[in-house]
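Since every read-out is calculated from the coordinates, none of them should be taken as a lab result. The structure presented is a predicted model; accordingly, all values stated were derived computationally and were not measured. Every residue, glycine as well, gets a Cβ built from its backbone with ideal geometry; the counts of neighbours run over all protein chains shown.
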């Protein structure tokens, strides 16, 4: 038997009050996180500079888009070929994956810039 002096007093928490507190916390947390996001077209990239093509003309954007589409296809073919060999997944990660992601991001930045400038490209 534990003496009354050593018992830890716990206030009973009602389930409804706990759910209300959790709902308020979720709404406030969601509001804080949504305030950090940007509205509209997000141009967050790791390998590509979002402002790199801002001063390009529509013709220059089209030429760059063709180059990066070709580079993406080339890397995709190299990755497919490497997958067929032993250790191909390792080769893909080491040799091709960063370049492939970079090419895809360049294409995203080019497409966003072309849309902003209202250029007519093969994609738009």
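Per-structure values
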| read-out | value |
| --- | --- |
| Additional length obtainable on full extension of the chain from residue 46 to residue 63, 0.36 nm per residue less Cα span | 3.9 nm |
| Kirkwood Rh and Cα Rg combined as Rg over Rh, evaluated for the stretch 58-116 | 1.11 |
| For the stretch 58-116: relative contact order, % (alpha-carbon pairs under 8 angstrom, 6 or more apart) | 47 |
| Relative packing of peptides 98-111, 49-62 - highest average C-beta neighbours within 10 Å first | 98-111, 49-62 |
